1. Every residue in the stretch 1-52 that is small (Gly, Ala, Ser) and either closer than 21 Å to Ala65 by Cα or surrounded by 10 or more Cβ atoms within 10 Å (Cβ to Cβ) (or both), please.
2. Taking Ile35 as the residue in question, decide whether it is at negative phi, part of a helix (DSSP H, G or I) and either β-branched (Val, Ile, Thr) or touching a Ser or Thr at 6+ places or on another chain (Cβ under 8 Å) (or both).
3. Mind listing whichever residues of the stretch 54-65 are surrounded by 10 or more Cβ atoms within 10 Å (Cβ to Cβ) and of a type in the set (A, V, I, L, M, F, W, C)?
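Just so you know, all these numbers are worked out from the coordinates, no wet-lab data involved. Just so it is clear, the structure is predicted and the values come from calculations on it, not from any experiment. Every residue, glycine among them, receives a Cβ derived from its backbone with ideal geometry; neighbour counts consider all protein chains shown.
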Amino acid sequence: MPDLGYAIFIVFGCIWILIGVAAVIALLKSDNQKIQFGEAGLIVAVPIIVPLILALAYQLVRLLA
């Protein structure tokens with residue numbers, strides 16, 4: 001039961017990430033820009049996203065085990 005607070009924290013973190021992604025997409029679409037990811041965008045995004053996903057997956061597995 002002490003992990004319940006941590007689980008709630010992870011859920012709210014995921015919600016904030018989704019809100020941020022939706023805000024960026026809405027901002028780009030409001031200027032009628034095409035949403036695309038170039039090589040430089042992937043170089044920046046992958047080192048940020050991969051550890052985040054791995055950390056969340058690890059904690060989820062640990063929480064459920």
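1. Passing the criteria: Gly5, Ala7, Gly13, Gly20, Ala22, Ala23, Gly41, Ala45.
2. Here the answer is no, as Ile35 does not meet what is asked.
3. Of the stretch 54-65, the ones surrounded by 10 or more Cβ atoms within 10 Å (Cβ to Cβ) are 54-60, 62-63.
Leu54, Ala55, Leu56, Ala57, Leu60, Leu63, listed by residue number.
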